[in-house]
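The values are calculated or read from the model by the stated rules, or taken from the named source; none is laboratory data. The structure presented is a predicted model; accordingly, all values stated were derived computationally and were not measured. Virtual Cβ from ideal backbone geometry, glycine too; neighbours counted across all protein chains shown. For accessibility, only protein heavy atoms count, side chains too; no ligands or nucleic acids. Shrake-Rupley method; radii C 1.70, N 1.55, O 1.52, S 1.80 Å.
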Amino acid sequence: MNTFEESLAQAAHLIAAADPLMLSIVGRSLAVSSLSCAIACVLGIAVGAWLAVARFAGRDALLTVLNTFLAVPSVVVGLAVYLLLTRNGPLGFLGWLFSFKAMVLAQSLLVLPVATALTRQVVEDAERANGEQLASLGARGLLRSLLLAWDERFALLTVVLASFGRAISEVGAVMIVGGNIDGYTRVMTTAIALETEKGDLPMALALGFVLLSVVLVLNAAISLLSRWRGARAEGMVLAGAT
(Lines give C-alpha, C1' and ligand atoms only; values in the text may rest on other atoms or scores of the structure.)
Protein backbone atom coordinates (compact mmCIF):
# COMPACT_ATOMS: atom_id res chain seq x y z
CA MET A 1 0.00 0.00 0.00
CA ASN A 2 1.52 3.35 -1.01
CA THR A 3 1.39 6.63 0.89
CA PHE A 4 -1.64 7.90 -1.02
CA GLU A 5 -3.64 4.74 -0.35
CA GLU A 6 -2.61 4.76 3.33
CA SER A 7 -3.64 8.40 3.65
CA LEU A 8 -7.02 7.70 2.08
CA ALA A 9 -7.60 4.74 4.38
CA GLN A 10 -6.65 6.71 7.47
CA ALA A 11 -8.82 9.64 6.36
CA ALA A 12 -11.77 7.31 5.94
CA HIS A 13 -11.10 5.93 9.42
CA LEU A 14 -11.04 9.44 10.92
CA ILE A 15 -14.42 10.20 9.35
CA ALA A 16 -15.97 6.85 10.27
CA ALA A 17 -14.70 7.09 13.84
CA ALA A 18 -15.91 10.71 14.17
CA ASP A 19 -12.48 11.87 15.32
CA PRO A 20 -12.99 14.49 18.09
CA LEU A 21 -10.34 16.86 16.74
CA MET A 22 -11.83 16.71 13.26
CA LEU A 23 -15.35 17.26 14.61
CA SER A 24 -14.26 20.28 16.65
CA ILE A 25 -12.71 21.87 13.56
CA VAL A 26 -15.79 21.11 11.45
CA GLY A 27 -18.13 22.45 14.13
CA ARG A 28 -16.15 25.67 14.49
CA SER A 29 -16.08 26.14 10.73
CA LEU A 30 -19.85 25.66 10.46
CA ALA A 31 -20.43 28.05 13.36
CA VAL A 32 -18.27 30.83 11.90
CA SER A 33 -19.72 30.45 8.41
CA SER A 34 -23.34 30.19 9.59
CA LEU A 35 -23.14 33.32 11.74
CA SER A 36 -21.27 35.24 9.03
CA CYS A 37 -23.82 34.17 6.41
CA ALA A 38 -26.74 35.17 8.65
CA ILE A 39 -25.33 38.65 9.28
CA ALA A 40 -24.37 39.22 5.65
CA CYS A 41 -27.69 37.94 4.27
CA VAL A 42 -29.84 40.04 6.61
CA LEU A 43 -28.00 43.17 5.50
CA GLY A 44 -27.39 42.09 1.92
CA ILE A 45 -30.97 41.03 1.15
CA ALA A 46 -32.34 44.28 2.59
CA VAL A 47 -29.90 46.48 0.69
CA GLY A 48 -30.12 44.41 -2.51
CA ALA A 49 -33.93 44.54 -2.54
CA TRP A 50 -33.81 48.32 -2.05
CA LEU A 51 -31.22 48.78 -4.82
CA ALA A 52 -33.44 46.79 -7.20
CA VAL A 53 -36.24 49.38 -7.09
CA ALA A 54 -34.41 52.56 -6.06
CA ARG A 55 -33.54 55.13 -8.69
CA PHE A 56 -31.09 57.86 -7.73
CA ALA A 57 -28.07 59.73 -9.04
CA GLY A 58 -24.96 57.60 -8.84
CA ARG A 59 -26.84 54.28 -8.73
CA ASP A 60 -24.93 52.87 -11.70
CA ALA A 61 -21.62 53.85 -10.11
CA LEU A 62 -22.67 52.19 -6.86
CA LEU A 63 -23.60 49.00 -8.69
CA THR A 64 -20.23 49.03 -10.43
CA VAL A 65 -18.48 49.28 -7.07
CA LEU A 66 -20.68 46.48 -5.71
CA ASN A 67 -19.85 44.20 -8.62
CA THR A 68 -16.16 45.03 -8.18
CA PHE A 69 -16.28 43.85 -4.58
CA LEU A 70 -17.52 40.48 -5.83
CA ALA A 71 -14.05 39.86 -7.25
CA VAL A 72 -12.02 41.20 -4.31
CA PRO A 73 -9.64 38.45 -3.09
CA SER A 74 -10.38 37.19 0.40
CA VAL A 75 -6.85 38.01 1.55
CA VAL A 76 -7.49 41.69 0.77
CA VAL A 77 -10.61 41.63 2.94
CA GLY A 78 -8.62 39.87 5.64
CA LEU A 79 -5.88 42.49 5.45
CA ALA A 80 -8.42 45.32 5.72
CA VAL A 81 -10.06 43.76 8.78
CA TYR A 82 -6.64 43.05 10.29
CA LEU A 83 -5.68 46.73 9.95
CA LEU A 84 -8.98 47.75 11.56
CA LEU A 85 -8.58 45.38 14.51
CA THR A 86 -4.86 45.60 15.12
CA ARG A 87 -3.80 47.30 18.36
CA ASN A 88 -3.18 50.65 16.65
CA GLY A 89 -6.21 50.37 14.35
CA PRO A 90 -9.49 52.26 14.75
CA LEU A 91 -11.20 49.16 16.22
CA GLY A 92 -8.21 47.90 18.16
CA PHE A 93 -9.89 48.72 21.46
CA LEU A 94 -12.31 45.83 20.86
CA GLY A 95 -9.55 43.27 21.27
CA TRP A 96 -11.04 41.02 18.58
CA LEU A 97 -7.92 40.21 16.59
CA PHE A 98 -7.18 36.46 16.39
CA SER A 99 -10.62 35.59 17.73
CA PHE A 100 -13.89 34.00 16.64
CA LYS A 101 -15.44 37.48 16.36
CA ALA A 102 -12.74 38.69 14.00
CA MET A 103 -13.33 35.70 11.73
CA VAL A 104 -17.07 36.34 11.68
CA LEU A 105 -16.50 40.02 10.86
CA ALA A 106 -14.10 39.19 8.01
CA GLN A 107 -16.37 36.56 6.48
CA SER A 108 -19.44 38.81 6.85
CA LEU A 109 -17.71 41.56 4.89
CA LEU A 110 -16.59 39.04 2.29
CA VAL A 111 -20.07 37.55 1.82
CA LEU A 112 -22.03 40.82 2.00
CA PRO A 113 -21.39 41.86 -1.64
CA VAL A 114 -22.43 38.39 -2.83
CA ALA A 115 -25.74 38.46 -0.96
CA THR A 116 -26.41 42.05 -2.03
CA ALA A 117 -25.64 41.59 -5.72
CA LEU A 118 -27.55 38.31 -6.08
CA THR A 119 -30.57 39.73 -4.24
CA ARG A 120 -30.57 42.83 -6.39
CA GLN A 121 -30.63 40.70 -9.54
CA VAL A 122 -33.45 38.47 -8.27
CA VAL A 123 -35.62 41.37 -7.11
CA GLU A 124 -34.86 43.45 -10.20
CA ASP A 125 -36.06 40.60 -12.42
CA ALA A 126 -39.24 40.45 -10.35
CA GLU A 127 -39.56 44.23 -10.65
CA ARG A 128 -39.56 44.00 -14.43
CA ALA A 129 -42.32 41.40 -14.30
CA ASN A 130 -44.55 42.77 -11.54
CA GLY A 131 -43.32 46.27 -10.73
CA GLU A 132 -45.89 48.13 -12.76
CA GLN A 133 -48.74 46.16 -11.23
CA LEU A 134 -47.52 46.90 -7.72
CA ALA A 135 -47.04 50.57 -8.57
CA SER A 136 -50.61 50.78 -9.85
CA LEU A 137 -51.76 49.45 -6.48
CA GLY A 138 -49.84 52.20 -4.70
CA ALA A 139 -46.82 50.15 -3.59
CA ARG A 140 -43.71 52.25 -4.01
CA GLY A 141 -40.19 52.49 -2.69
CA LEU A 142 -39.38 50.33 0.30
CA LEU A 143 -42.82 48.70 0.41
CA ARG A 144 -42.51 47.56 -3.21
CA SER A 145 -39.04 46.14 -2.64
CA LEU A 146 -40.27 44.22 0.42
CA LEU A 147 -43.26 42.82 -1.48
CA LEU A 148 -41.08 41.75 -4.38
CA ALA A 149 -38.53 40.17 -2.04
CA TRP A 150 -41.27 38.25 -0.26
CA ASP A 151 -42.68 37.03 -3.55
CA GLU A 152 -39.20 35.80 -4.50
CA ARG A 153 -38.46 34.34 -1.06
CA PHE A 154 -37.75 30.87 -2.43
CA ALA A 155 -35.31 32.29 -4.97
CA LEU A 156 -33.66 34.21 -2.14
CA LEU A 157 -33.03 30.90 -0.39
CA THR A 158 -30.58 30.14 -3.18
CA VAL A 159 -28.90 33.46 -2.38
CA VAL A 160 -28.50 32.36 1.24
CA LEU A 161 -27.10 28.97 0.21
CA ALA A 162 -24.68 30.54 -2.26
CA SER A 163 -23.55 33.01 0.41
CA PHE A 164 -22.94 30.19 2.88
CA GLY A 165 -20.94 28.32 0.25
CA ARG A 166 -18.78 31.40 -0.27
CA ALA A 167 -18.20 31.69 3.45
CA ILE A 168 -17.36 28.10 4.28
CA SER A 169 -14.93 27.66 1.38
CA GLU A 170 -12.96 30.84 2.20
CA VAL A 171 -9.44 30.57 3.63
CA GLY A 172 -7.45 33.80 3.21
CA ALA A 173 -9.40 36.20 5.40
CA VAL A 174 -9.92 33.86 8.35
CA MET A 175 -6.28 32.80 8.21
CA ILE A 176 -5.14 36.43 8.55
CA VAL A 177 -7.53 37.66 11.25
CA GLY A 178 -7.98 34.35 13.09
CA GLY A 179 -4.39 33.23 13.22
CA ASN A 180 -5.31 29.53 12.75
CA ILE A 181 -4.95 28.87 16.51
CA ASP A 182 -5.45 25.24 17.46
CA GLY A 183 -8.69 24.68 19.36
CA TYR A 184 -9.70 28.33 19.05
CA THR A 185 -9.73 29.78 15.54
CA ARG A 186 -8.80 26.81 13.35
CA VAL A 187 -11.46 26.01 10.74
CA MET A 188 -11.62 23.46 7.94
CA THR A 189 -9.92 25.49 5.22
CA THR A 190 -7.10 26.76 7.41
CA ALA A 191 -6.63 23.32 8.97
CA ILE A 192 -6.36 21.70 5.54
CA ALA A 193 -3.63 24.17 4.56
CA LEU A 194 -1.74 23.62 7.82
CA GLU A 195 -2.05 19.83 7.94
CA THR A 196 -0.91 19.55 4.32
CA GLU A 197 2.11 21.71 5.07
CA LYS A 198 2.90 19.56 8.12
CA GLY A 199 2.54 16.38 6.09
CA ASP A 200 -0.48 15.10 8.05
CA LEU A 201 -2.31 14.06 4.91
CA PRO A 202 -4.96 11.85 6.55
CA MET A 203 -6.40 14.73 8.59
CA ALA A 204 -6.14 17.10 5.61
CA LEU A 205 -7.93 14.59 3.38
CA ALA A 206 -10.61 13.89 6.00
CA LEU A 207 -11.36 17.59 6.38
CA GLY A 208 -11.25 17.99 2.61
CA PHE A 209 -13.84 15.26 2.15
CA VAL A 210 -16.10 16.84 4.76
CA LEU A 211 -15.77 20.26 3.14
CA LEU A 212 -16.50 18.84 -0.30
CA SER A 213 -19.54 17.06 1.11
CA VAL A 214 -20.88 20.31 2.55
CA VAL A 215 -20.35 22.14 -0.74
CA LEU A 216 -21.95 19.25 -2.66
CA VAL A 217 -25.04 19.37 -0.43
CA LEU A 218 -25.28 23.15 -0.90
CA ASN A 219 -25.03 22.88 -4.69
CA ALA A 220 -27.63 20.09 -4.75
CA ALA A 221 -29.97 22.22 -2.65
CA ILE A 222 -29.50 25.22 -4.95
CA SER A 223 -30.18 23.03 -7.99
CA LEU A 224 -33.33 21.57 -6.45
CA LEU A 225 -34.61 25.00 -5.43
CA SER A 226 -33.95 26.36 -8.92
CA ARG A 227 -35.82 23.46 -10.53
CA TRP A 228 -38.69 23.81 -8.08
CA ARG A 229 -38.86 27.54 -8.74
CA GLY A 230 -38.95 26.94 -12.51
CA ALA A 231 -41.66 24.31 -12.17
CA ARG A 232 -43.65 26.61 -9.91
CA ALA A 233 -43.40 29.51 -12.38
CA GLU A 234 -44.42 27.25 -15.25
CA GLY A 235 -47.39 26.01 -13.27
CA MET A 236 -48.50 29.55 -12.53
CA VAL A 237 -48.28 30.44 -16.21
CA LEU A 238 -50.33 27.42 -17.21
CA ALA A 239 -52.89 28.16 -14.49
CA GLY A 240 -53.19 31.73 -15.72
CA ALA A 241 -53.64 30.57 -19.30
CA THR A 242 -56.54 28.34 -18.34
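Numbers below:
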| read-out | value |
| --- | --- |
| Angle in degrees between helix 153-168 and the longest Cα principal axis of the chain, rounded to the nearest 10 | 30 degrees |
| Estimated FRET transfer efficiency (residue 62, residue 129; beta-carbon r; R0 22 Å; 0.05) | 0.40 |
| Candidates 219, 67, 88: whichever shows maximal mean-square fluctuation once the chain is modelled as a Gaussian network with Cα springs under 10 Å | 88 |
| Relative contact order (percent, whole number), the stretch 40-183, Cα cutoff 8 Å, 6+ residue spacing | 42 percent |
| Most fluctuating residue given options 119, 190, 86, as computed from a GNM of the chain linking Cα atoms under 10 Å | 86 |
| With Cα atoms, 0 to 90° folded angle of helix 201-241 axis to the chain main axis | 10 degrees |
| Listed residues 169, 34, 226, most fluctuating in the chain (Gaussian network, C-alpha, under 10 Å) | 226 |
| Residue-normalised accessible area of the stretch 1-92, expressed per residue, 1.4 Å probe, Å² | 57 Å² |
| Residue 17/residue 181 FRET efficiency (R0 30 Å; Cβ-Cβ; nearest 0.05) | 0.75 |
